[in-house]
Amino acid sequence: MASANTALRTRDRVARAALYAVLILGLFAVAGPFVWMALSSIKPEREIRAVPPTWWPETATLGNYRDLFSGLDFPLYFFNSLLVATAVTAGNLLFCSLVGYALAKLRYPGKRVLFLAVLGMLMVPGMVTFVPQFVLVSNMGLANTYAGLILPFLVGAFGVFLMRQFLQSIPDELIEAARVDGAGEFRIFWRVVLPLCRPALATLGILTFLQSWNNFLWPLVVATTEDKYTLPVALALFSVGQNRIYYGPLLAGAVIVVLPVLVLFVVLQRHFLRGIATTGLK
Amino acid sequence: MSSASTAPARTAAATSPGRPALPVRRQRLRQALTGWLFSAPFTVLFVVFMALPVVVSLVMSFTDLRSTDLRNPLAVNFVGLDNYTRLFADRLFLRAAVNTLGFVVVGVPLTMVLALAAASALNSGLVRFRTLFRVGFYLPVVSSIVAIAVVWRFLLDPEIGLVNNLLRLVGIDGPSWLYDTNLALPSLTVMAAWRNFGFLMVIFLAGLQAVPADLYEAATLDGATRWQQFRNVTLPMLRPTLLFGGVVTGIGFLQLFEEPFVMTQGGPLSSTLSVSFHIYNQFGFGNYGYAASASYVLFLAIVALSAVQFRLLRERS
């Protein structure tokens, strides 16, 4: 009996060690490139290209960042990215929760059609709408404007779906009670419903912000002059424009694109990952 | 009309706390008006920027619209199914379709296996620092593809890249991954799995945590090994979650665009050209009608995939 127990415990210990080994190896493979990117962005080009490669910088320098900022107006691209992502996030939070509440809790003709259209939209690939959207935005005179970058993303089918699913779990009695108390419909929405939606709003907010920040193809096509570039567009065009690849400034640029969202993600990961998990189950 | 829309508002304002509720009919009208009002901002934007483009795209796919015709719409002709028949005779499109299918058929299972392995390991109860691993595995999901491309192009650089440097340590002369017609697409497939498995891992973790613990207890009492428990308890219980994950990933992978766009530009020799990339190129050449027809073929593929999933889900319940 005792020997069987120790055998089991040894097997458990071996299993645990193997598990850790695999996970740490996996973590190195997934997160390692990001760490390497950050460390290499402060190495001189010569050291980045050294064979065998170095892990920790032998000579630390901010030269790559200096080169990057002298050639390109990165503060402006940063501002553009921030402006677009903030506007898109605010629009999605407000409009998607309004319509999500209506779809979940109010009775009105046409609501079924609207919801089916939203569901159908979830399956439409981006390339289907891409060309007409581009023609539309150009014809509206919005090419190369902030409005052109923001408007097509101000609402999203996924956001409506998420908010509606979440709002359905809120008890009707709360809303009825507010109605009996004589509160107006918008007041009910703003004061009673929205505060209850905080977890869903947090998920949708972070998700939308990340998506907008990382959005690439649309701003690449719509922003035609440098003053409207977002960070990913600027970095992509910067890397394409070179004859010989200089990894140093590129890595510095990559750090600047990735760092803000990584910080945001790590700080908010608890809310965020929980939210993702619940959307997947419904 | 105007009296109908202002009356309930006035009544609502006049209602003081404690008054009996409005008559049923008025209440219904009030709810309908509120519903429309709350739906209006979304619906306007949705119709203009999404629903309308979907319809316009369909109409465009039956015309010979080119970018040069935009100023002179009268020059546009309906050509019936011409674009679609041309599409299936277009060797580049067929190449793109084969590439995309290959990417989906290998990439989706690879991503799912990685995600399930990571989720199972983190859910086994044997591991500490779970948050660290979860956050670490999720990093690529939240990172810009442009930044990822910078790093991966370096990793896969034939001369100075880390991958080939590692291979050199064990005496292997590594290939030029992204410049080899046989290796470029597999390289992008691995990169896409690397980039996306963290998302599925989070969803699978939630699914695993919803499996009742007493099922495992019963299985342990029956003497089932860990592997048997995984095969006979975990996998069947996780089926809906796995299907969901498979379809979401499939829909995403069918639209493969960003990886080849930033890594290979579709090359070498179109070996990484995807359907979405082909559509984008046709858009660039100004062939709007033709691009639209290709996008609808992609749309149909996605609908077919989703339909298969609904069938599979219904079979179970």
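The values are calculated or read from the model by the stated rules, or taken from the named source; none is laboratory data. Just so you know, these numbers come straight off a predicted model, no measurement behind them. Heads up, the Cβs are rebuilt from the backbone with ideal geometry, glycines too, and the neighbour counts pull from every protein chain shown.
What to note about this one:
- Cross-chain or 6+ apart pairs with Cβ under 7 Å, region A:46-71 first and free of Cβ contacts under 8 Å to residues at least 60 places away in the same chain, then surrounded by 12 or more Cβ atoms within 10 Å (Cβ to Cβ) and among the polar types (S, T, N, Q): A:E47/A:T54; A:V51/B:N165; A:P52/B:N165; A:P53/B:N165
- Lone qualifier among B:L256, B:L273 - being in contact with a Ser or Thr (Cβ under 6 Å, 6 or more places away or on another chain), surrounded by 22 or more Cβ atoms within 10 Å (Cβ to Cβ) and not in a helix (DSSP H, G or I): B:L256
- Residue in region A:187-203 that is within 12 Å of chain B (Cβ to nearest Cβ) and outside any helix (DSSP H, G or I) present: no
- Residue match in region A:122-129 (condition: surrounded by fewer than 17 Cβ atoms within 10 Å (Cβ to Cβ), part of a helix (DSSP H, G or I) and touching a Ser or Thr at 6+ places or on another chain (Cβ under 8 Å)): yes
- Filter result for A:V221 (more than 7 Å from every other protein chain (Cβ to nearest Cβ), surrounded by fewer than 21 Cβ atoms within 10 Å (Cβ to Cβ) and touching a Phe, Trp or Tyr at 6+ places or on another chain (Cβ under 7 Å)): yes
- Residue ID - farthest from B:T272 (Cα to Cα), chosen from residues in region B:202-211 that are outside any loop (DSSP other than H, G, I, E, B), within 9 Å of chain A (Cβ to nearest Cβ) and out of contact with any Lys or Arg (no Cβ under 8 Å at 6 or more places or on another chain): B:Q209
- The residue that is surrounded by the most Cβ atoms within 10 Å (Cβ to Cβ), among those in region B:49-102 that are of a type in the set (K, R) and farther than 13 Å from B:A291 by Cβ, is B:R95.
Every residue, every condition in (1) in a helix (DSSP H, G or I); (2) buried (at least 23 other Cβ atoms within 10 Å of the Cβ); (3) under 24 Å from the mean Cα position of the chain (by Cα), yes or no:
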{"position": "B:L200", "(1), (2), (3)": "yes, yes, yes"}
{"position": "B:E217", "(1), (2), (3)": "yes, no, no"}
{"position": "B:P268", "(1), (2), (3)": "no, no, no"}
{"position": "B:H278", "(1), (2), (3)": "yes, yes, yes"}
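- Selection within region B:46-75: residues that are among the polar types (S, T, N, Q) and assigned to a helix (DSSP H, G or I). The member of this set that is nearest to the other protein chains (Cβ to nearest Cβ) is B:S57.
- Considering each residue of region B:282-289 in turn, at least one proves to be in the same structural domain as B:P109 (by TED's automatic domain parsing), within 25 Å of B:L65 (Cα to Cα), among the polar types (S, T, N, Q) and in contact (Cβ under 8 Å) with a residue 12 or more places away in the chain.
- Taken over region B:108-132, the criterion of being facing chain A (nearest Cβ under 7 Å) and buried (at least 23 other Cβ atoms within 10 Å of the Cβ) is satisfied by B:A118 alone.
- Residues of region A:118-165 classified as among the β-branched types (V, I, T) and facing chain B (nearest Cβ under 7 Å), total: 7
- Some residue of region B:172-186 being out of contact with any helix residue (DSSP H, G or I) (no Cβ under 6 Å at 6 or more places or on another chain), at the interface with chain A (Cβ under 9 Å from one of its Cβ atoms) and assigned to a helix (DSSP H, G or I): no
- Consider region A:262-282 and keep the residues that are of a type in the set (G, A, S) and over 11 Å from A:L207 (Cα atoms). The one that is modelled with the lowest pLDDT is A:G280.
- Of the helices (runs of 4 or more DSSP H) lying entirely inside region A:1-106, the ones with 3 or more residues being farther than 23 Å from B:I148 by Cα, over 21 Å from the mean Cα position of the chain (by Cα) and of a type in the set (D, E, K, R) are found at A:2-40.
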